[in-house]
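Q: Below are the structure tokens for one structure; questions will follow.
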Amino acid sequence: MDFSSFNHLSPADAADVLRPCVDIDRWVQQVVAARPFADRPELISFAAAAADPWTTEEIDAALAHHPRIGERAAGNSAEAGMSRKEQSGVVRSAEIQAALDAGNRSYEAKFDRVFLIRAAGRSAEDILEQLQKRLHNSPDEEIAVVAQQLREIAILRLEGAIEA
């Protein structure tokens, strides 16, 4: 969608464009309410700081839409399509995939949520390294990292959804 069209959508339609970026109501509502933006960089800048900080409850609800790293998102939703595209560049060997699977299980046992990382632009080896490193975080340290990763994903998705 082009930037100008986004600025002129109804609030409900604009929310429909934003929600696949990150399903956090406060974020969606703040971005919708701040329109019209002067230009795309202003939109991206505003969105990067909107509804900050996100609560643990908001983060956990948003994570319900994210597949495990290394797994293909199911369904035909815009969010599932974005997730498949983000993880498509991560080439995995059987050994790396097995290590990711084991790491996902360990992470979920420790933090009771899926491991989330901005996969776009990262190798499978880097993702695995970050997963193993983050297993040493405390719950408070980790929720801050998850929030940052979720925000990075949201902004990348927004940049992909709204053209100049």
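Condition check ((1) modelled with pLDDT of 95 or more; (2) among the hydrophobic types (A, V, I, L, M, F, W, C)) across all residues:
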| residue | (1), (2) |
| --- | --- |
| Ala14 | yes, yes |
| Val28 | yes, yes |
| Pro36 | yes, no |
| Pro41 | yes, no |
| Glu71 | no, no |
| Gly75 | no, no |
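Q: When Ala164 is evaluated against the numbered criteria (1) surrounded by 14 or more Cβ atoms within 10 Å (Cβ to Cβ); (2) in contact with an Asp or Glu (Cβ under 8 Å, 6 or more places away or on another chain); (3) at pLDDT below 95, which criterion, by number, is the only one it fails?
A: (1)
Q: On the basis of being surrounded by 15 or more Cβ atoms within 10 Å (Cβ to Cβ) and not β-branched (Val, Ile, Thr), does Ala15 make the cut?
A: Numbers: surrounded by 15 or more Cβ atoms within 10 Å (Cβ to Cβ): yes; not β-branched (Val, Ile, Thr): yes.
Taking the combined requirement at face value, the residue satisfies it.
Q: List the pairs whose first member sits in the range 10-21 and is on the phi < 0 side of the Ramachandran plot, whose second member is open to solvent by 70 Å² or more (accessible area, probe 1.4 Å) and of a type outside the set (S, T, N, Q), and whose Cβ atoms are under 7 Å apart, counting only residues at least 6 apart or on separate chains?
A: Hits for this filter: Val17/Met1.
Q: Same structure, new question: For the range 125-148: of the residues being buried (at least 17 other Cβ atoms within 10 Å of the Cβ) and either farther than 18 Å from Glu95 by Cβ or within 17 Å of the chain's Cα centre (by Cα) (or both), which is modelled with the lowest pLDDT?
A: The initial filter retains those residues of the range 125-148 that are buried (at least 17 other Cβ atoms within 10 Å of the Cβ), namely 127-128, 130-131, 134, 142-143, 146-147.
With the extra rule that they be either farther than 18 Å from Glu95 by Cβ or within 17 Å of the chain's Cα centre (by Cα) (or both), the set shrinks to 127, 130-131, 134, 142-143, 146-147.
Values: Ile127: 94, Gln130: 97, Leu131: 97, Arg134: 98, Glu142: 98, Ile143: 98, Val146: 98, Ala147: 98.
This residue is Ile127.
Q: Find the residue count for the range 1-12, including only residues that are within 13 Å of Ile162 (Cβ to Cβ), open to solvent by 60 Å² or more (accessible area, probe 1.4 Å) and under 23 Å from the mean Cα position of the chain (by Cα).
A: Going residue by residue through the range 1-12, those that are within 13 Å of Ile162 (Cβ to Cβ) are 1-9.
Checking the rest, the ones that are also open to solvent by 60 Å² or more (accessible area, probe 1.4 Å) come to 1-2, 4, 8.
Applying the additional criterion that residues be under 23 Å from the mean Cα position of the chain (by Cα) yields 1-2.
Adding up the residues that qualify gives 2.
Q: For the range 41-51, how many residues meet the condition of being surrounded by fewer than 18 Cβ atoms within 10 Å (Cβ to Cβ) and touching a residue at least 24 places away in the same chain (Cβ under 8 Å)? Talk me through it step by step, then tell me what you get.
A: From the range 41-51, those surrounded by fewer than 18 Cβ atoms within 10 Å (Cβ to Cβ) are 41-42, 44-46, 48-49; that's our starting set.
Restricting the remaining residues to those that are touching a residue at least 24 places away in the same chain (Cβ under 8 Å) gives 44, 48.
Total satisfying the criteria: 2.
The values are calculated or read from the model by the stated rules, or taken from the named source; none is laboratory data. These numbers were taken from a predicted model, which means no experiment stands behind them. Neighbour counts run over all protein chains shown; Cβ positions are idealised from the backbone, glycine included. Just the protein is used for accessible areas: all its heavy atoms, side chains included, with ligands, DNA and RNA removed. Shrake-Rupley method; radii C 1.70, N 1.55, O 1.52, S 1.80 Å.
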